[in-house]
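Novice: Quick one: the structure is below, and I'll ask about it shortly.
The values are calculated or read from the model by the stated rules, or taken from the named source; none is laboratory data. Owing to the predicted nature of the structure, the values given are computational and were not obtained by experimental measurement. Methodologically, a virtual Cβ is constructed for each residue, glycine included, from the backbone with ideal geometry; neighbour enumeration extends over all protein chains shown.
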Amino acid sequence: MRLLWRRRVVLVAVAYAAVAAVLAPAAIFLERMLGLPGWTDEAVLAGLVVLFIPAVWLAWTSGAAPDQGAPTSPRRAGAVIAVLPFVNFSQAPVDEAFADGMVEDLITGLAMSSTLKVISRSSTFAYKGQSPDVREVASDLGCDFVLEGSVRRAGERLRVTVQLVEAVHGSHVWAEKYDRPVAELFELQDDLICEIAAALGDAVMRAELQRLRRSPANVSAWEESMHALTAQERPTLPTVKAALAHVRRAVELDRNFALGHARLGMTLVTYAQLVGGEAAKPLRDEAEDALDKSIDLAPNDPKVLGIVCGALAYLGRTDEAIRHGLRARTLNPHDAPTLGALANAYFRAGRYAEAAPLYAEEQRLSPRSPILGGRSVFHALNHVMLGDLIKAEAVLLRGLEVDSAFEGAWIGLILVRLMRGDTPGAADAIRGLRRVNAAATLDDWTRLIEANMPAARAPEAVAAFRQAWTAVKGD
C-alpha cells in the first residue's frame, strides 16, 4: 500500500472518483436542459469507466512521488547505483556477516534490472567502516545514486533503515524503515529491491525475483554462506579454510540451498588451486559434485549460474561454463562477478575477442574492487593473446594500484615487459615481487605461471621469467 501511495496510484484514483462524481450528474443535467439524446449521460458514464484503467496506469508508470520533501529522480536509462555496506547496529559481532549478506543480495537483485547498472559489492566495501560523503563516492565509483542503510538484529526481530541519495548533489530520493521478524528476511529483501527500483523509475517485478531466485529454508544457512565472500576476494590458505567450514555448515543446515552448494564448489576450487599437486584432485572432484547439484536445484538463479560459470572454467569444463555464464548474463546483465566469470570462461576456451569487452565492463563496474588485482592477470593475458601488450601492461598497473601486494599481477607485469623488450622495467617488477614475498622461490613462481598461462605459451613464459629472475638476483 505504501508503494501505491508513493506511485500516486491512490491519489489519482481518489481524484478520478471525485471528478466522476461531478461529471456524471452534470451530464444528466445538461441532457435535460439542452434536450440532448437520451443516451448522452450513459455515454459519459461509460467513458469514465473505460478511462479509469489508463489513468491509474499512467499514475503508476509516471514515477514515485517525492519522499520527505525531496524531488523525485527522473527515469534514467543506464543509471548507475552503488550500495554501500550497511552499518551493523546489532550487539553481536557475528551479525556483521548478516549485514554484509543483505547488501550482497540487494546488489544481486538490483542488477537484474534491465535499466540499472550496479557497482560491484567488492568495490563499495572499500568504504566499510567509513562515513563517506556520497558526492565523493559518486566521483570515485562513477555512480548516479548511492544507497545507505543500517541493520539491527535483536533476538528474532530485524530493523532495517535505508535511504537512497542522488549522488551528485546529495539530495534524498527515497527513505524507508522496516521492522520485521528475521524469518521474513527474504521477503524484506524483495520489498527493498522493488521499492528502490520503483523510486528510480524502474519496474523490477516481485514475481520475476521469486521465479529466478531460490531462497534457503532458513536464515542461518544463508548467513553461513555469506562468510565465504571475503575469502573469494582475497584468497589465502587460512581464509579459504575458514570459508570452507562456513559453506559446509550452510549446506548441512539446508541440503537444498543452491547458492550454498555453488559457493561450496567455488571455495573447493579455490582451495585446490592453492594447495596444488595430488592433494587438489579430491577437492576438485568434490567441487564438481557441489556445482552440479547447485545447477540441479536452481537452474535459473543468476547468482548460482554466475558462480558455477567461474568455477567450471577453472575445472576445464569451458563449454558448460560459457553456457551457464551466458544464461546468468541474460537474467542479470549488470552483475560484475558474472561478467568476470564469463570473461574467464571465454579466455580459458581461447575465445579472446569475446572475453575482452566482458573484462572491460567488469572493470568499469568494479572501480575499487580488490578483485581487480586477481582479475587483472587474466584480463592482461587476454590482451597478450590478442597482441596488444600496451593494454596488457596498463591493466596490470591498474590492478597493482588497487592491490600492490598481489603477487600474480607482479608476475604478469614481468612477463609483459619482457615480451615488450623492456628488460629494465621487467627487472624493476621482479624487485617489486620480491619485496612482496621474499620467501618464495623461483620454482614457486614458475609453477604459478604454468598453472595460469595458456599451455601453448607457458614454456616460453617460464623460460623468459627464469632468465630475468636470474639476472636480477645477480644484481
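Novice: Cβ-Cβ below 8 Å, separation at least six or inter-chain, first residue in segment 243-256 and farther than 19 Å from Phe98 by Cβ, second at pLDDT 90 or above and surrounded by fewer than 19 Cβ atoms within 10 Å (Cβ to Cβ): which pairs?
Specialist: From segment 243-256, the pairs are Asn256/Leu297.
Novice: Out of Val377, Val462, Val416, I need the residue that is touching a residue at least 60 places away in the same chain (Cβ under 8 Å) and either in contact with a His (Cβ under 7 Å, 6 or more places away or on another chain) or on the phi < 0 side of the Ramachandran plot (or both). Which one? Even if it seems obvious, please write down each step before you answer.
Specialist: On the way: Val462 fails: touching a residue at least 60 places away in the same chain (Cβ under 8 Å); Val416 fails: touching a residue at least 60 places away in the same chain (Cβ under 8 Å).
When all the criteria are applied, what remains is Val377.
Novice: Would you point out the residue of segment 226-257, among those that are of a type in the set (Gly, Ala, Ser) and at pLDDT 85 or above, that is nearest to Pro337 (Cα to Cα)?
Specialist: The qualifying residue nearest to Pro337 (Cα to Cα) is Ala243.
Novice: Pairs, please: C-beta under 7 Å, at least 6 apart or cross-chain, first residue in the same structural domain as Thr161 (by TED's automatic domain parsing) and crowded, with 19+ Cβ neighbours inside 10 Å and in segment 191-205, second modelled with pLDDT of 55 or more and among the hydroxyl-bearing types (Ser, Thr, Tyr)?
Specialist: The qualifying pairs are Ala197/Ser113; Asp202/Ser113; Asp202/Thr115; Val204/Ser113.
Novice: Would you confirm whether or not segment 303-320 contains a residue that is in a loop (DSSP other than H, G, I, E, B) and under 27 Å from Ser113 (Cβ atoms)? First the steps, then the outcome.
Specialist: So in segment 303-320, the residues in a loop (DSSP other than H, G, I, E, B) come out as 315-317.
Remaining after also requiring under 27 Å from Ser113 (Cβ atoms): none.
Scanning segment 303-320 turns up no residue that is in a loop (DSSP other than H, G, I, E, B) and under 27 Å from Ser113 (Cβ atoms).
Novice: OK, next. Of all residues in segment 263-284, count the ones that are in contact (Cβ under 8 Å) with a residue 24 or more places away in the chain and not in a loop (DSSP other than H, G, I, E, B). Full working, then the answer.
Specialist: Filtering segment 263-284 down to residues in contact (Cβ under 8 Å) with a residue 24 or more places away in the chain leaves 263-271, 273-276, 284.
Keeping just the survivors that are not in a loop (DSSP other than H, G, I, E, B) gives 263-271, 273-275, 284.
Total meeting the criteria: 13.
Novice: Of these, Ala439, Ala405, which one is farther than 22 Å from Leu342 by Cβ and over 30 Å from the mean Cα position of the chain (by Cα)?
Specialist: Ala439
Novice: Within segment 338-356, does at least one residue satisfy the condition of being more than 21 Å from Gly408 (Cβ to Cβ), modelled with pLDDT under 95 and buried (at least 18 other Cβ atoms within 10 Å of the Cβ)?
Specialist: Scanning segment 338-356 turns up at least one residue that is more than 21 Å from Gly408 (Cβ to Cβ), modelled with pLDDT under 95 and buried (at least 18 other Cβ atoms within 10 Å of the Cβ).
Novice: Working only within segment 364-374, note down all residues that are in contact (Cβ under 8 Å) with a residue 60 or more places away in the chain, outside any loop (DSSP other than H, G, I, E, B) and either closer than 10 Å to Ser122 by Cβ or of a type in the set (A, V, I, L, M) (or both).
Specialist: Matches in segment 364-374: Leu365, Ile371.
Novice: Let me ask something else about it. Given (1) buried (at least 20 other Cβ atoms within 10 Å of the Cβ); (2) at pLDDT below 80; (3) of a type in the set (A, V, I, L, M), identify the lone condition not met by Ala92.
Specialist: (1)
Novice: Being more than 17 Å from Gly149 (Cβ to Cβ) and charged (D, E, K, R) is the filter here, so list the residues in segment 83-129 that pass it.
Specialist: Lys117
Novice: Hey, another quick one. Is one or more of the residues making up segment 135-147 among the small types (Gly, Ala, Ser), in contact with a strand residue (DSSP E or B) (Cβ under 8 Å, 6 or more places away or on another chain), outside any strand (DSSP E or B) and at pLDDT below 90?
Specialist: Kept after step one, since they are among the small types (Gly, Ala, Ser), are these residues of segment 135-147: 138-139, 142.
Still in the running and in contact with a strand residue (DSSP E or B) (Cβ under 8 Å, 6 or more places away or on another chain): 138, 142.
So of that shortlist, the ones also outside any strand (DSSP E or B) come out as 138, 142.
So of that shortlist, the ones also at pLDDT below 90 come out as 138, 142.
Within segment 135-147 (the criterion being among the small types (Gly, Ala, Ser), in contact with a strand residue (DSSP E or B) (Cβ under 8 Å, 6 or more places away or on another chain), outside any strand (DSSP E or B) and at pLDDT below 90), the answer is yes, since at least one residue qualifies.
Novice: Name, by its number, the condition in (1) touching a residue at least 40 places away in the same chain (Cβ under 8 Å); (2) within 24 Å of the chain's Cα centre (by Cα) that does not hold for Leu339.
Specialist: The failed condition is (1).
Novice: With the requirement that a residue be under 27 Å from Gly350 (Cα atoms), hydrophobic (A, V, I, L, M, F, W, C) and at pLDDT 85 or above, what does segment 418-461 give you? Give the derivation first.
Specialist: Step one: list which residues in segment 418-461 are under 27 Å from Gly350 (Cα atoms), which gives 418-422, 426, 443-461.
Next, only the ones that are hydrophobic (A, V, I, L, M, F, W, C) stay: 418-419, 426, 445, 448-449, 451, 453, 455-456, 458, 461.
Once the filter is applied, which keeps residues that are under 27 Å from Gly350 (Cα atoms), hydrophobic (A, V, I, L, M, F, W, C) and at pLDDT 85 or above, segment 418-461 yields Leu418, Met419, Ala426.
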